[in-house]
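Data first, discussion second: the structure below is written as structure tokens.
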Amino acid sequence: MSKVLNLNSFNRTYKKIVEKADNDLIKLNVEFYHHDFQSEPILHMEAKIQNVLFDKSRDDGSVITIMTNESYLSFTEKNYYTNLSGDDVVFSSKHNAETYCIIQFI
């Protein structure tokens, strides 16, 4: 993944996820990539979004939590950059340039 130059705020990313989650027909497609497994995600899931939360933590800054029936996905401002790419949301690690999560709405 190329270096992201234009980073969006967690607040703007949260609004985008909520906007997409409001559509009852949309599901979430999540893929996590890590290190040298660039062509294959280490985690892939599809699920309907149940709820999206935005919170502030003294230690981690802004936190976005996406809830489905099966799992909770949390992304903290302390650990992730965020970028909006068309209709996709990308969280990339601040600690490792080769670890990132792509969220698509299908």
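The values are calculated or read from the model by the stated rules, or taken from the named source; none is laboratory data. Not measured: the values here are computed from a predicted model. Methodologically, a virtual Cβ is constructed for each residue, glycine included, from the backbone with ideal geometry; neighbour enumeration extends over all protein chains shown.
Looking only at segment 38-57, residues that are among the hydrophobic types (A, V, I, L, M, F, W, C), assigned to a strand (DSSP E or B) and farther than 21 Å from residue 10 by Cβ come to 3 in all. Scanning segment 79-97 for residues that are in a strand (DSSP E or B) and either touching a residue at least 12 places away in the same chain (Cβ under 8 Å) or in contact with a Ser or Thr (Cβ under 6 Å, 6 or more places away or on another chain) (or both) yields 80, 81, 82, 83, 84, 88, 89, 90, 91, 92, 93. Scanning segment 82-99 for residues that are loosely packed, with under 14 Cβ neighbours inside 10 Å and farther than 20 Å from residue 15 by Cβ, we see that the one that is nearest to the chain's Cα centre (by Cα) is 94.
The single residue among 100, 33 that is modelled with pLDDT under 95 and in contact with a Pro (Cβ under 9 Å, 6 or more places away or on another chain) turns out to be 33. Taking segment 58-81 as the range and being under 15 Å from residue 14 (Cα atoms) and of a type in the set (Gly, Ala, Ser) as the test, the residues that pass are 61, 62, 74. Examine segment 57-78 for a residue that is without any contact (Cβ under 8 Å) to a residue 12 or more places away in the chain and among the acidic types (Asp, Glu), and state whether such a residue exists. No, segment 57-78 contains no residue that is without any contact (Cβ under 8 Å) to a residue 12 or more places away in the chain and among the acidic types (Asp, Glu).
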